[in-house]
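**Q** Sharing a structure with you now.
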Amino acid sequence: MSDEQPFISKVPYEETHPTVLAIYCSDGRFTDGVEDLAQALGHDRIDTLTIPGGPALLNRWVADYLESDVVTRAARFLIEGHHITEVLLLAHAGCGYYRARHGALGPEFIAEQQITDLRHAAEELHKAYPHMTVRLFFARPGGGRIHFEPVPAKA
């Protein structure tokens, strides 16, 4: 048995689930920025679904089927079980998931694919949940800060 004492967070526990879900890459350099963005959008708390590639895994045409299935099921569970009314889909510059898959095609191709995947994920979510709000963002570091650029759902 460990001699360590339990850690007690200073953050109070809130019984109700958030109504906003953020789906984004698990790159920890962006975690605090996503929380900051959510607060700027008026959300004190968010549910999160973070995995390398984030919303890309909702695109069954480019992701591995098993990866896509897991993320789609997890999103469905959160959306339905927590009564989510809004989803934030975020991609970021310099994503290792995209570099590993498309690195030889260059950064411009990668950025275009990320935007395409964001739009595809939004389209899939709108089909399944037509009354839900879906917002898309592309995050870029610059000047020591993270800039979240809104992405239109349609080109």
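**Q** What are the residues in region 64-84 that are out of contact with any helix residue (DSSP H, G or I) (no Cβ under 9 Å at 6 or more places or on another chain) and under 30 Å from PRO141 (Cβ atoms), if any?
**A** ALA74, LEU78
**Q** Right, something else. If ASN59 passes every condition in (1) modelled with pLDDT under 95; (2) surrounded by 20 or more Cβ atoms within 10 Å (Cβ to Cβ); (3) within 14 Å of TYR24 (Cβ to Cβ) but one, which one does it miss?
**A** Only one criterion is unmet by ASN59, namely (3).
**Q** Which residues, taken from region 48-87, are touching a strand residue (DSSP E or B) at 6+ places or on another chain (Cβ under 7 Å) and either assigned to a loop (DSSP other than H, G, I, E, B) or among the hydroxyl-bearing types (Ser, Thr, Tyr) (or both)?
**A** Across region 48-87, the qualifying residues are THR48, THR50, HIS82, ILE84, THR85.
**Q** Here is a follow-up. Pull out all pairs, ordered by first then second residue, where Cβ-Cβ is under 6 Å, the residues are six or more apart or on different chains, the first lies in region 71-87 and is in contact (Cβ under 8 Å) with a residue 40 or more places away in the chain, and the second is acidic (Asp, Glu) and outside any helix (DSSP H, G or I).
**A** Short answer, once both residue conditions are applied: LEU78/ASP47; HIS82/ASP47.
**Q** Something else about it: Considering each residue of region 123-146, count those that are part of a helix (DSSP H, G or I) and touching a residue at least 60 places away in the same chain (Cβ under 8 Å), and give that number. Reasoning before the result, please.
**A** Within region 123-146, the first condition is being part of a helix (DSSP H, G or I), and the residues that meet it are 123-128.
Then keep just the ones that are touching a residue at least 60 places away in the same chain (Cβ under 8 Å); that gives 124-125.
The total comes to 2.
**Q** Then there's this: Among the listed residues VAL11, VAL34, which satisfies the condition of being out of contact with any Lys or Arg (no Cβ under 8 Å at 6 or more places or on another chain) and at pLDDT 95 or above?
**A** Just one listed residue meets the conditions, VAL34.
**Q** What number of residues within region 2-43 are part of a loop (DSSP other than H, G, I, E, B), at negative phi and either of a type in the set (S, T, N, Q) or surrounded by fewer than 10 Cβ atoms within 10 Å (Cβ to Cβ) (or both)?
**A** Of the residues in that region, 18 qualify.
**Q** Suppose we filter region 88-111 for residues that are free of Cβ contacts under 8 Å to residues at least 40 places away in the same chain and either acidic (Asp, Glu) or not in a helix (DSSP H, G or I) (or both); how many remain?
**A** Qualifying residue count for the region: 2.
The values are calculated or read from the model by the stated rules, or taken from the named source; none is laboratory data. These figures come from a predicted structure and were not determined experimentally. Here Cβ is always computed from backbone atoms with ideal geometry, including for glycine, and neighbour counts include all displayed protein chains.
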